[in-house]
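The values are calculated or read from the model by the stated rules, or taken from the named source; none is laboratory data. This is a predicted model, so every value here is computed, not measured. Heads up, the Cβs are rebuilt from the backbone with ideal geometry, glycines too, and the neighbour counts pull from every protein chain shown. Ligands, DNA and RNA are stripped out before the accessible areas are found, and what is left, the full protein with its side chains, is counted by its heavy atoms. Shrake-Rupley method; radii C 1.70, N 1.55, O 1.52, S 1.80 Å.
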Amino acid sequence: MNFEKALRAIIDSLPYMLGGVWVTVGLIVGALALGFVLGVPLAVIQVYGRTLARRLVVLYVWLFRGVPILVLIFLFYFGILPHLGLDSAFLAGVIVLGLTSAAYQSQIFRGAIQSLPAGQLKAARALGMTDTQAISCIVLPQALRLSIPGWSNEFSILLKDSALVMVISVQEIMARTRSVAGRTHEPVAMALFAGVLFFILTWIGLRLLRGLERRVRIKGYSQEGSV
Amino acid sequence: MLEEYWLFASERVMPGLNAALLVSARLIVPSALYGALLGVITGAIRVYGPKPVRRVADAYVSLFRGTPLVVQLYFWYFALPYIRVGGFAIVLDAMQASILGFALCSAAYQSEYIRGGLLSIRSGQIKAARALGMNPMQTVLHVVLPQAVRRALPGCGNEVVYLIKYSSLASIITVNELTGTARSIAKATFRPIEAYATVAVYYLLLVTLAVWLLRWLEDRMSIPGFERPRD
Amino acid sequence: MSVASQAKGQNQEILRVEKLNKSFGTNHVLKDATLTLRKGELKVLIGPSGGGKSTLLQCMNFLIPPDSGRIWLDGVEILGHKKRELYAYRQQVGMIFQDFNLFDHLSALGNVRIALTRVRGMSRKDATDRAMAELDRVGLAAKAGLYPAQLSGGQKQRVSIARALAMDPKVLLLDEPTSALDPELIGEVLAVVKDLATAGMTMIMATHQITFSAQLASEFVFMEQGAIIEHDSPAALLAPGACTRTKAFCAKINELTGEPV
Ligand SMILES: Nc1ncnc2c1ncn2[C@@H]1O[C@H](COP(=O)(O)OP(=O)(O)OP(=O)(O)O)[C@@H](O)[C@H]1O
Ligand SMILES: [Mg+2]
């Protein structure tokens with residue numbers, strides 16, 4: 001490997017690659033948001049819902065965790081979305097990643113909800129709250145705080161999985177890496193560079209989440225370093 | 001057309017995949033178990049360990065969550081033999097390298113779920129254990145972890161599902177598990193769609209089996225007094 | 001046992017704390033607290049909310065490490081920084097919490113048994129027998145298989161007493177064992193405390209149950225703003241005509257609860 005030539009390739013492609021970073025960021029912010037908005041109600045239904053609703057959620061989670069993302073991407077981009085008049089590859093990427101993530105996120109939230117003592121909901125009901133109020137004012141604020149560590153796993157996996165949407169030519173980091181690598185004949189250097197970009201993005205995201213976790217921590221729970 | 005597919009799948013695809021299923025199982029089961037065990041230990045260290053050890057464990061988790069699994073597998077299989085310490089080098093076969101790679105990566109994620117579970121334990125539980133004269137080790141082992149692991153279980157299930165799906169990456173370092181076998185069949189028969197569709201069903205079955213096992217575990221371990229699905 | 005040695009046994013110091021201090025930031029919540037527990041006596045800690053009762057009790061077994069002060073058990077000084085010594089000490093000093101703190105993942109039996117098997121190293125069978133005996137003593141043998149969430153408040157507190165008793169403690173620290181309970185359940189917990197007192201257990205209890213404790217306590221210890229400001233027998237402190245802070249406080253409480261002093 002010619003080191004100088006490799007460095008040249010990276011420097012010359014920098015603006016183009018940074019453009020890809022923004023596409024990736026857009027993809028995962030959109031997908032995580034969609035996954036969150038769907039994942040929370042899915043979790044609530046799975047814990048508190050009626051039998052039929054719970055079964056449907058279990059089915060949803062099973063399908064979206066069980067079918068490979070690539071299959072879903074093709075299915076949605078070529079099969080389902082065109083019927084709805086949507087032909088944006090980026091949007092297809094956000095939707096598929098988001099729907100998948102919702103399945104995983106719902107299980108993280110469910111774990112957190114189930115770790116709350118039942119007395120919390122009882123106390124809320126005793127104050128005359130409706131179930132919806134009790135869940136949104138008492139259960140979720142506590143459960144969501146407890147979900148942050150697990151949620152950070154989902155973030156870092158989704159970030160890496162987002163590269164899969166290059167198969168429908170969304171111009172995110174990996175798609176651009178491949179085209180630069182082809183043009184400059186520097187596949188190894190470009191792959192390493194892409195790896196560094198992903199690592200930095202992961203690191204920033206995890207830092208932010210860890211900070212959030214500390215800021216919203218509730219007194220009375222155990223903490224780092226205190227046994 | 002469906003009949004034609006079924007004939008093709010059952011004669012040309014499934015015999016190969018059935019054999020590969022065993023390879024995949026031998027890959028996934030030990031990786032999941034070692035990953036869970038190491039994840040629990042790492043998670044406990046990351047919350048209750050002494051500060052420098054906590055930092056090291058945090059760095060391990062950042063590194064393994066931050067880099068793609070393919071890269072990690074390449075490292076264990078291709079690069080590790082070149083790292084010589086005092087003339088010795090560790091050479092792993094493809095299967096060992098895959099299990100090592102999967103277990104270490106899985107443990108990094110599991111430890112995060114466990115950490116979340118640990119932080120959800122109220123401090124009164126720890127106080128009560130200490131008041132009985134338990135040392136920190138006993139407190140964590142007998143009072144905190146048993147509760148934290150239960151709470152982390154739904155999240156840990158996610159990781160197991162991911163592990164099953166990502167086990168396909170072992171084919172890249174020459175392990176002939178489900179995906180690798182499907183690829184050879186696709187090449188040999190020139191019918192990639194049928195081959196890959198069939199292997200997707202195999203993964204779905206594996207995931208189903210895992211989800212079912214995890215559900216059973218959750219039900220067995222559930223304790224009264226916490227939120228849970230109504231029956 | 002001769003009368004003389006019995007009297008000596010009565011006077012034997014079990015636990016002594018001297019000049020315990022604790023501050024949270026600038027808030028000096030424990031000021032030179034000194035007291036001695038003699039064998040078989042029940043001291044009762046009273047005083048207004050926030051006076052430092054819980055802090056004192058938790059400092060006594062180092063759950064909150066005191067900033068300064070000294071502690072002796074059976075004449076042996078306990079140094080909080082020696083880990084092994086500290087754990088051994090805590091095994092001999094039982095603690096009952098206001099909000100029970102039963103281990104949520106264990107049944108009543110499991111809660112009583114866990115320290116026996118894990119800390120004391122008893123065999124599972126012996127530990128089970130011992131735990132059942134303790135549960136029987138607090139009248140809960142029939143509930144051994146239930147989890148904390150399936151027990152009433154009074155039952156939970158009795159399990160937590162059984163859990164502490166199973167370790168054969170020399171002293172029991174009780175931090176408002178009844179204040180999380182409704183009136184009907186208070187009785188069942190106090191009955192257990194009374195049995196223990198009669199059986200000669202050495203105890204210190206923070207409580208607002210003035211009437212009950214006046215009958216059993218050898219001494220009232222009144223705490224306010226972190227300092228012990230009065231201590232004497234209940235009879236002396238509450239005597240007609242006595243002009244003590246304790247009496248004023250008790251009168252106020254009884255006014256609220258409608259009990260006569
Ligand atoms: N962990 C803590 N951090 C800061 N301040 C504390 C802490 N624990 C207690 N305090 C303060 O110490 C003081 C004494 O509290 P403590 O709990 O000992 O009172 P108490 O006499 O037990 O009251 P109560 O009868 O209501 O239980 C209070 O002012 C309280 O705010
Ligand atoms: Mg108190």
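Give me the pairs: first residue in segment A:142-166 and facing chain B (nearest Cβ under 7 Å), second residue open to solvent by 30 Å² or more (accessible area, probe 1.4 Å), beta-carbon distance under 6 Å, and six or more apart or on different chains, which are they?
A:160/B:68
Tell me, please, whether a residue that is more than 16 Å from ligand 2 (Cβ to nearest atom), touching a strand residue (DSSP E or B) at 6+ places or on another chain (Cβ under 7 Å), away from chain B (no Cβ under 14 Å) and without any contact (Cβ under 8 Å) to a residue 60 or more places away in the chain can be found in segment C:37-47.
The answer is no, given that none of the residues of segment C:37-47 is more than 16 Å from ligand 2 (Cβ to nearest atom), touching a strand residue (DSSP E or B) at 6+ places or on another chain (Cβ under 7 Å), away from chain B (no Cβ under 14 Å) and without any contact (Cβ under 8 Å) to a residue 60 or more places away in the chain.
From the list B:107, B:148, B:103, which residue is closer than 30 Å to residue C:177 by Cα and in contact with a Gly (Cβ under 8 Å, 6 or more places away or on another chain)? Talk me through it step by step, then tell me what you get.
Working: B:107 fails: closer than 30 Å to residue C:177 by Cα; B:103 fails: closer than 30 Å to residue C:177 by Cα.
None of the other options fit; the residue is B:148.
Which one is nearest to the other protein chains (Cβ to nearest Cβ) among residues in segment C:192-209 that are more than 16 Å from ligand 2 (Cβ to nearest atom) and open to solvent by less than 50 Å² (accessible area, probe 1.4 Å)?
So the residue we want is C:203.
Name the single residue that is nearest to the chain's Cα centre (by Cα) among those in segment B:205-231 being among the aromatic types (Phe, Trp, Tyr) and more than 14 Å from chain C (Cβ to nearest Cβ). Full working, then the answer.
Start the filter on segment B:205-231 by keeping residues that are among the aromatic types (Phe, Trp, Tyr), which leaves B:212, B:216, B:226.
Add one more test, that the residue is more than 14 Å from chain C (Cβ to nearest Cβ), and what stays is B:212, B:216.
Values: B:212: 16, B:216: 18 Å.
Residue satisfying both the conditions and the ranking: B:212.
Which of the residues spanning segment B:132-144 are of a type in the set (A, V, I, L, M) and open to solvent by 20 Å² or more (accessible area, probe 1.4 Å)? Give the steps one after another, and end with the answer.
Residues of segment B:132-144 of a type in the set (A, V, I, L, M): B:132, B:134, B:137, B:140-141, B:143-144.
The answer is B:137, B:141.
Between A:91, A:72, which is open to solvent by less than 40 Å² (accessible area, probe 1.4 Å), within 28 Å of residue B:193 (Cα to Cα) and part of a helix (DSSP H, G or I)?
A:72
Take the residues in segment B:173-204 that are within 10 Å of chain A (Cβ to nearest Cβ) and within 17 Å of the chain's Cα centre (by Cα); name whichever of them is least open to solvent (accessible area, probe 1.4 Å).
Looking at the filtered set, the residue picked out is B:203.
Hey, among A:66, A:85, which residue is more than 23 Å from the chain's Cα centre (by Cα) and free of Cβ contacts under 8 Å to residues at least 12 places away in the same chain? Lay out the reasoning, then the answer.
On the way: A:66 fails: more than 23 Å from the chain's Cα centre (by Cα).
Exactly one residue qualifies, and that residue is A:85.
For residue B:107, indicate whether it is touching a strand residue (DSSP E or B) at 6+ places or on another chain (Cβ under 8 Å) and either under 24 Å from residue A:155 (Cα atoms) or open to solvent by less than 10 Å² (accessible area, probe 1.4 Å) (or both).
no
Regarding segment C:104-124, can at least one residue be identified that is among the small types (Gly, Ala, Ser), surrounded by fewer than 19 Cβ atoms within 10 Å (Cβ to Cβ), more than 21 Å from residue C:226 (Cα to Cα) and away from every other protein chain (no Cβ under 12 Å)?
Yes, the conditions are met somewhere in segment C:104-124.
In segment C:55-95, what residues are of a type in the set (A, V, I, L, M, F, W, C), away from ligand 2 (no atom under 16 Å from the Cβ) and either touching a Cys at 6+ places or on another chain (Cβ under 6 Å) or in a strand (DSSP E or B) (or both)?
C:71, C:72, C:73, C:76, C:93, listed by residue number.
Listed here are the residues, each with its yes/no results for (1) of a type outside the set (A, V, I, L, M); (2) crowded, with 20+ Cβ neighbours inside 10 Å; (3) closer than 26 Å to residue A:102 by Cβ.
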site	(1), (2), (3)
A:134	no, yes, yes
A:137	yes, no, yes
A:146	no, yes, yes
A:149	yes, yes, yes
A:158	no, yes, yes
A:167	no, no, yes
A:176	yes, yes, no
A:183	yes, no, no
A:219	yes, no, no
